[in-house]
Ligand code: KMH
Ligand code: ZN
């Protein structure tokens with residue numbers, strides 16, 4: 001079976017130190033968390049950035065500071081900035097980190113309720129705009145799908161030339177407003193992507209490790225990290241993103257699945273252009 005790519009979503013835009021004091025805000029904290037995840041076996045860092053007080057930002061300069069810091073300590077890791085940012089940001093605000101020409105970036109593939117009164121807006125035109133930018137600039141999109149309808153959107157926009165193959169999906173499962181995180185939901189999404197596509201699964205909260213297990217068995221890939229879940233086990237806060245990655249590595253080892261390093265991850269995902 002293909003080696004397992006582990007993505008660490010180290011920070012997110014919504015999770016706070018109140019949820020887990022190890023959630024990183026400062027540049028130094030982000031670098032430390034990225035390094036802990038990389039040392040544990042992550043080959044991709046999915047990156048949001050914050051100001052020092054925890055406020056999420058898509059500011060290009062802040063991204064550059066954090067990316068430079070991460071590259072100084074683990075130069076080979078793949079850095080995947082978010083273009084989702086936080087609810088309420090404009091398209092151009094969200095796209096700022098793509099100006100740094102990263103190898104990868106997320107591309108959110110539909111609109112959904114996002115807890116309480118929030119709506120995470122990704123209109124068809126937004127997705128086309130982001131998709132076109134990523135093709136032009138040689139950035140591999142991670143196609144974030146929070147529901148089955150978003151996979152259908154991807155397949156339609158691929159036919160229209162806004163998304164290229166080979167496609168790499170991220171099933172984000174268990175967000176209030178998106179698809180749930182049960183095994184039947186996973187099987188439904190997994191069976192809805194083209195045979196030559198790759199995927200990673202990001203289970204939110206209590207779904208993180210059961211869905212990781214399903215993807216390990218299925219030959220898919222796994223995302224973990226504070227953005228999705230702050231617990232190592234029920235009632236036990238993770239001390240670092242590295243602890244969450246390490247748990248996935250242990251699960252994979254038990255099941256006989258080897259872990260991909262960043263060079264192997266690039267090969268599996270068909271990342272040709274070493275941007276950034
Ligand atoms: N923070 C969410 C509203 C992404 O990174 O592209 C969006 C998000 C998706 O986290
Ligand atoms: Zn994100």
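Among what's in segment 1-21 and is in contact with a helix residue (DSSP H, G or I) (Cβ under 7 Å, 6 or more places away or on another chain) and part of a loop (DSSP other than H, G, I, E, B), pick the residue that is farthest from residue 214 (Cα to Cα).
Among those that are in contact with a helix residue (DSSP H, G or I) (Cβ under 7 Å, 6 or more places away or on another chain) and part of a loop (DSSP other than H, G, I, E, B), it is 11.
Could you figure out which of (1) in contact with a strand residue (DSSP E or B) (Cβ under 6 Å, 6 or more places away or on another chain); (2) loosely packed, with under 14 Cβ neighbours inside 10 Å isn't true of residue 189?
Of the numbered conditions (1) in contact with a strand residue (DSSP E or B) (Cβ under 6 Å, 6 or more places away or on another chain); (2) loosely packed, with under 14 Cβ neighbours inside 10 Å, the odd one out for residue 189 is (2).
Go through (1) free of Cβ contacts under 8 Å to residues at least 24 places away in the same chain; (2) more than 20 Å from residue 7 (Cβ to Cβ) one by one and return the number of the condition residue 148 breaks.
Looking at each condition in turn, residue 148 falls short on (1).
State yes or no: is residue 93 more than 18 Å from the chain's Cα centre (by Cα) and within 16 Å of ligand 2 (Cβ to nearest atom)?
Numbers: more than 18 Å from the chain's Cα centre (by Cα): yes; within 16 Å of ligand 2 (Cβ to nearest atom): yes.
When the stated conditions are applied, residue 93 passes them.
Which condition number in (1) away from ligand 2 (no atom under 16 Å from the Cβ); (2) touching a residue at least 60 places away in the same chain (Cβ under 8 Å); (3) on the phi < 0 side of the Ramachandran plot is the one that residue 138 fails?
(3)
How many residues does segment 63-87 hold that are touching a residue at least 24 places away in the same chain (Cβ under 8 Å) and farther than 25 Å from residue 267 by Cβ?
9
Does residue 16 satisfy the criteria of being away from ligand 2 (no atom under 14 Å from the Cβ) and under 27 Å from residue 267 (Cα atoms)?
On the way: away from ligand 2 (no atom under 14 Å from the Cβ): yes; under 27 Å from residue 267 (Cα atoms): no.
Here the answer is no, as residue 16 does not meet what is asked.
Looking at segment 162-234, what strands (runs of 3 or more DSSP E) fall wholly within it and have at least 2 residues that are touching a residue at least 60 places away in the same chain (Cβ under 8 Å)?
Because the criterion is at least 2 residues that are touching a residue at least 60 places away in the same chain (Cβ under 8 Å), the strands (runs of 3 or more DSSP E) in segment 162-234 that meet it are 168-173, 198-203, 221-224.
State whether the residues of segment 28-45 include one that is free of Cβ contacts under 8 Å to residues at least 40 places away in the same chain and within 15 Å of ligand 2 (Cβ to nearest atom).
yes
No lab work stands behind these numbers, since they all come straight from the coordinates. Owing to the predicted nature of the structure, the values given are computational and were not obtained by experimental measurement. We place every Cβ from the backbone using ideal geometry, glycine too, and count neighbours over all the protein chains shown.
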